[in-house]
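These notes concern the structure reproduced below.
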Amino acid sequence: MVCLDIDDTLIDFSAACRRALAALLGRADMWPLWERITDRHVALVVAGEIDYASMHFRRTQCFLGELGVVVDGEDITRFEARRKVLLRRSWRLFDDVLPCLDWLRAAGVLLAAVTNASGAHQRAKLADLGLARFFDHVAIAGEIGVAKPDPVMFHSVCATLGCDPGEAAHVGDKLGTDAVGARDAGLQGVWLDRHDTGTQVPDGVHVIAGLDDLPQLLVSEFARIGVPAQR
């Protein structure tokens, strides 16, 4: 079985967010601030302190406050609604996604999409971009009650698809949340380092520069540990 993260693994989500934000503000230099505020608020979601709807509202309220913009609740709601419309128009797949998924399906590999983000948004992305047909299971943190890197998140996916963790690999763009989290849960952790950062990775974590490298990794490295090739 192969598990795949969604945002910035399959879908160039950060680029879409940057485009949507720049269109709303009429300027392209506010992304670092938005990203910092987003990371802080997403951490609250992962910790179970707030839900995604509250996070979106509070994140936008905090961001506009940092810009010195005085807004009320209706202003924030309108900003978020417009941002989501622009964002949905901006979603793009990375070029290596469909060839990789086609290969995995042709090889008979069980596939799961595993995400910490909002279920409604993630399912909409998968459907809009034609990815839903590839996956045997979509695991949403908010629906399971835990989030990556909690081992329960990974183990629940394995249990749903009837796969032992030792026979599974998880691929994602976040070294700690995805690759190290999967490794610590007993799966093969694969870090997708699209930007070739040269970051030193801990033992037991594999690194690929693109999803076009994944088939070779599965064939050359994981066959010996029992990642199943056929259903």
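The values are calculated or read from the model by the stated rules, or taken from the named source; none is laboratory data. Keep in mind it's a predicted model, so treat the numbers as computed, not measured. Quick reminder, even Gly has a Cβ in these numbers, built from the backbone with ideal geometry, and neighbours come from all protein chains shown.
Hey, could you check the stretch 27-52 for residues that are farther than 25 Å from L93 by Cα and not aliphatic (A, V, I, L, M) and say which is surrounded by the most Cβ atoms within 10 Å (Cβ to Cβ)? If we take residues in the stretch 27-52 being farther than 25 Å from L93 by Cα and not aliphatic (A, V, I, L, M), then H41 is surrounded by the most Cβ atoms within 10 Å (Cβ to Cβ). For beta carbons closer than 8 Å, sequence separation of 6+ or different chains, a first residue in the stretch 109-125 that is in the same structural domain as H155 (by TED's automatic domain parsing) and part of a loop (DSSP other than H, G, I, E, B) and a second that is basic (K, R) and at pLDDT 85 or above, the qualifying pairs are N116/K148. Take the conditions among the charged types (D, E, K, R), in the same structural domain as V45 (by TED's automatic domain parsing) and either assigned to a helix (DSSP H, G or I) or crowded, with 19+ Cβ neighbours inside 10 Å (or both) and apply them to D178. Does it pass? No: the conditions fail for D178. Inside the stretch 9-24, can you point out the residues that are out of contact with any Leu (no Cβ under 8 Å at 6 or more places or on another chain) and in contact (Cβ under 8 Å) with a residue 40 or more places away in the chain? If the condition is that a residue be out of contact with any Leu (no Cβ under 8 Å at 6 or more places or on another chain) and in contact (Cβ under 8 Å) with a residue 40 or more places away in the chain, then F13, A15, L21 are the ones that fit.
Looking across A182, A141, one residue alone is under 21 Å from L217 (Cβ atoms) and within 14 Å of the chain's Cα centre (by Cα). It is A182.
Regarding the stretch 147-170, can at least one residue be identified that is in a strand (DSSP E or B) and without any contact (Cβ under 8 Å) to a residue 40 or more places away in the chain? No, every residue in the stretch 147-170 fails to be in a strand (DSSP E or B) and without any contact (Cβ under 8 Å) to a residue 40 or more places away in the chain.
Report yes if some residue within the stretch 102-120 is within 21 Å of V46 (Cα to Cα), surrounded by fewer than 18 Cβ atoms within 10 Å (Cβ to Cβ) and modelled with pLDDT under 95; otherwise report no. Yes: one or more hits. Give just the number: which of (1) closer than 16 Å to C17 by Cα; (2) among the hydrophobic types (A, V, I, L, M, F, W, C); (3) over 21 Å from the mean Cα position of the chain (by Cα) does I76 not satisfy? So the condition that I76 fails would be (1).
Condition check for A22 on (1) more than 19 Å from the chain's Cα centre (by Cα); (2) small (G, A, S); (3) outside the structural domain of V138 (by TED's automatic domain parsing); (4) outside any helix (DSSP H, G or I): one failure, at (4).
In the stretch 78-100, is there at least one residue being in contact with a Phe, Trp or Tyr (Cβ under 7 Å, 6 or more places away or on another chain) and at pLDDT 95 or above? Within the stretch 78-100 (the criterion being in contact with a Phe, Trp or Tyr (Cβ under 7 Å, 6 or more places away or on another chain) and at pLDDT 95 or above), the answer is no, since none of the residues qualifies. If you go through the stretch 7-28 one residue at a time, do you hit one that is touching an Asp or Glu at 6+ places or on another chain (Cβ under 6 Å) and among the polar types (S, T, N, Q)? Yes, the stretch 7-28 contains a residue that is touching an Asp or Glu at 6+ places or on another chain (Cβ under 6 Å) and among the polar types (S, T, N, Q). Please verify whether the stretch 136-144 includes one or more residues that are in a helix (DSSP H, G or I), crowded, with 17+ Cβ neighbours inside 10 Å and at pLDDT 95 or above. Within the stretch 136-144 (the criterion being in a helix (DSSP H, G or I), crowded, with 17+ Cβ neighbours inside 10 Å and at pLDDT 95 or above), the answer is no, since none of the residues qualifies. Answer yes if at least one residue in the stretch 155-166 is closer than 14 Å to C3 by Cβ, of a type in the set (A, V, I, L, M) and surrounded by 15 or more Cβ atoms within 10 Å (Cβ to Cβ), and no otherwise. Yes, the conditions are met somewhere in the stretch 155-166. Report yes if some residue within the stretch 53-64 is within 16 Å of the chain's Cα centre (by Cα) and either acidic (D, E) or surrounded by fewer than 19 Cβ atoms within 10 Å (Cβ to Cβ) (or both); otherwise report no. No, because not a single residue in the stretch 53-64 is within 16 Å of the chain's Cα centre (by Cα) and either acidic (D, E) or surrounded by fewer than 19 Cβ atoms within 10 Å (Cβ to Cβ) (or both).
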